[in-house]
1. Starting from the 7 Å offset along Cα-to-Cβ, what nm value, one decimal, do you get for the label separation of Lys96 and Glu232?
2. Translational diffusion coefficient of region 264-323 at 4 °C, 1.567 mPa s, Stokes-Einstein with Kirkwood Rh over Cα pairs, in µm²/s as a whole number.
3. How large is ³J(HN,Hα) for each residue in region 239-254, as worked out from phi by the Karplus curve 6.51 cos²θ - 1.76 cosθ + 1.60 (θ = phi - 60°), to whole Hz, x for Gly and Pro?
4. Please state, to two decimals, what the Cα-based radius of gyration of the chain comes to when divided by 2.2 N^0.38 Å (N = residues).
5. Enter the Cα centre distance for the pair region 302-370 and region 193-260, rounded to the nearest angstrom.
6. Given just the C-alpha atoms of region 422-473, how large is their convex hull per residue in cubic angstrom?
7. If the cut-off is 30 Å between C-alpha atoms, which lysines fall inside it for Lys146, apart from same-chain ones fewer than 8 positions away?
8. Calculate for the chain the 222 nm mean residue ellipticity that helices alone would give, adding -39,500 (n - 2.57) per DSSP H run of length 4 or more and normalising by residue count, nearest 500 deg cm²/dmol.
Amino acid sequence: MKEFDVVVIGGGPAGYVAAIRSAQLGMSTALVDEYIGKKGKHVLGGTCLNAGCIPSKALLDSSEHYHRVLHKFDSHGIKAKEVSLDVPTMIARKDKIVSTLTQGVAGLFKKNKITWLKGHGRLELGMKVSVKPTSGEGEKEVVQAKHIIIATGSVPRTIPSLTIDQDHIVDSTGALDFTEVPKRLGVIGAGVIGLELGSVWSRLGADVVVLEAMDDFLTMTDEQIAKEALKEFKRQGLDIHLGARVKSAAVGKDGVDLEYEDADGVHDLKVDKVVVAVGRKPHTDGLNATEVDLFIDESGYIHVDEFCCTNIPDIYAIGDVVQGPMLAHKGSEEGVMVAERIAGKKTRVNHETIPWVIYTWPEIAWVGKTEKALKKEAREFRSGTFPLRASGRALAMEETVGMVKVIAAADTDEILGVHIFGASASELIAEAVVAMEYNASAEDLACIVHAHPTMSEAVHEAALDVHKRALHI
Ligand code: FAD
Ligand code: NAD
C-alpha cells in the first residue's frame, strides 16, 4: 500500500492549494479528485475553475464588452455599426480559459511531484483513503495517510418545486453553457450567482426576471450600498422581485410556466429557461463520515475548530465543506494554514479580513463589518462615505455610479469595515484588506498618498470623511 504524509480529498482551490503547499514543505502528497470536465476527462480545480469563479468571470467580461459596444461607446464618440453576437464563440473562449487554468494546475502538480489519484475518495478506518474510479470500472486503490485534508467543497441547493434538467431548468453550471440567449430568463434567488449570471444574460439581450424569497436585498452587504445597487440593477433592466416565492413550475414545449407568490398574491410567469441559484450546501456524500466517526454538524458542514482540525486527530477539513463564506480564497488560505500547521508552523487565517466581491457592474466589494452588525453588537462607530460622481477618474471613465464607505471604531478609529459599490471595487478592496490586516485607523488611510486621478482616491476621501474632512465633496 502506498503511503503519503498528506492525502487531500478534493481538488478545488482549497484542496489543490493545500496539496501544493504540503509538497512545497517537503511532505509526500497525494490528492484524490473525482471531477470530470466538459471534455469527459478528469480535471483539477473543482467548482471554482470548472464551473464557478473563472467561467462566470469570463462570461461577465465578454457580456460587459458587448453591452459597452451597444450602449456605452456612443457617448465617447465611437460609433460601432452592425454589432453582432456569437454565443458559441463566447462559450468556447470561456472553455479555453478554463482548460488553460486546469492544465496549469496539473502542471503545478507535476512540478511539485504531487500524486493525482483520479476517482472518488472515501475515508477508511486507520487513516486510510480508498479511491474508486469515477467510471465505476477498474480497481479500487487504498492509500495510507499520516494526515488527511478533506476539501470536498459544495454543491448547489435545490428547491422541491423546480427539478433541474440542465435544459429548461438549470443550476449555475447549466447557466454557463447556454448555446443561445434565452428571450425570457427566470432566475430564482437574487444572491451572488443570481445577480452575476442574471447580469450576463441580461447584457446579452435576455429579459431577466429575478425572484427572491427574502423581502430584503443582499442582506449580507451594507444597507446603503444594497439599496443603491438594487436601484442600479433595476435601471439596467434586471426585473427583481423581492418577497417572491416560487410555488410551481411546469416545463412545456415552449418554455417554463412558473407560478410564484408575493405580498400582492399569486402570479404566473412564462420564461424560456430558469436558473436556480438559491445557495450551495457542503458536500460530504460518500465520504463514509459515519463509520469513521467524523462529526458533521446539523447544517451539513464538517465540524472544525479555528485551525480546521476535525474531531479526529490528523484529519482536517477546509473550504466550502466547513463553516464560513463559500469563497475560493477563503478555502485556499485555509489550505495553506493546514499544510503549514502539519509542518509545525503556527500559521492562522484571519477570518475577519476575508474580502467579498460580487462581480456585477458596477461591482460590490466589502471587508469587515457592516453598520447593521456593529449596531447589533452595540459597538460605537463613525462612517465616512464618498460618492463616485465626485471622482475625477470615475467621471473620465463614465463610471460614476456608486460609492465608498469606511467604517471606523468611535474610540480607537480602527477600521472595522470598508464597503464599495463601483467600477474596480474588486481591486480597490485589496487596499482595505491590507489596512485592516495591519489594524490601521481611518486616519492612517487618510494620511496615505493616493495617485491622481485614480478610483482609489475615493477610498482615501471616504477615510477622510470619517473625520468630516473630505476634500472633494
Ligand atoms: P470545490 O471547488 O467545490 O472543489 C471540491 C472538489 O472536490 C471537486 O472537484 C469535487 O469533485 C471533489 N470531490 C468532492 N467529494 C469528493 C470525493 N469524495 N472524492 C474525490 N473528490 C471529491 N468564489 C469566489 O471566491 N469568487 C468567485 O468569483 C466565485 N464565483 C463563483 C461562481 C459560481 C457560478 C459558483 C458556483 C461558485 C463561485 N464561487 C466563487 C465559489 C467557489 O467556487 C467556491 O467557494 C470554491 O470552489 C470552493 O472551493 P473548495 O475547494 O472548497 O471546493
Ligand atoms: P446566495 O446565498 O448568495 O444567494 C441565494 C439567494 O437565494 C438568497 O438571496 C436567498 O434568499 C434566495 N433564496 C433561497 N431560497 C429561495 C427560494 N426558494 N426562492 C427564491 N429565492 C430563494 O447563494 P448563491 O447565489 O447560490 O451562491 C452560492 C454561494 O457561492 C455564495 O454564497 C458564495 O459563497 C459563492 N459564490 C461566490 C461568488 C463570488 O465570490 N463573486 C460568486 C458566485 C457564488
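1. Simple spin-label model gives 3.1 nm for this pair.
2. 91 µm²/s
3. 8, 8, 10, 8, x, 10, 10, 6, 9, 7, 9, 10, 8, x, 5, 10
4. Details: Rg = 23.6 Å, N = 473, 2.2 N^0.38 = 22.8 Å.
Normalised Rg, Cα atoms only: 1.03.
5. 29 Å
6. 79 Å³
7. Lys2, Lys41, Lys110, Lys111, Lys113, Lys118, Lys128, Lys132, Lys281, Lys330, Lys345, Lys346
8. About -9500 deg cm²/dmol.
Laboratory data are not the source of any read-out in this text; all were calculated from the coordinates shown. Bear in mind the structure is a predicted one, so any value in this text is a computation, not a measurement. So basically every Cβ, Gly included, is an ideal-geometry build from the backbone, and we count neighbours across all protein chains shown.
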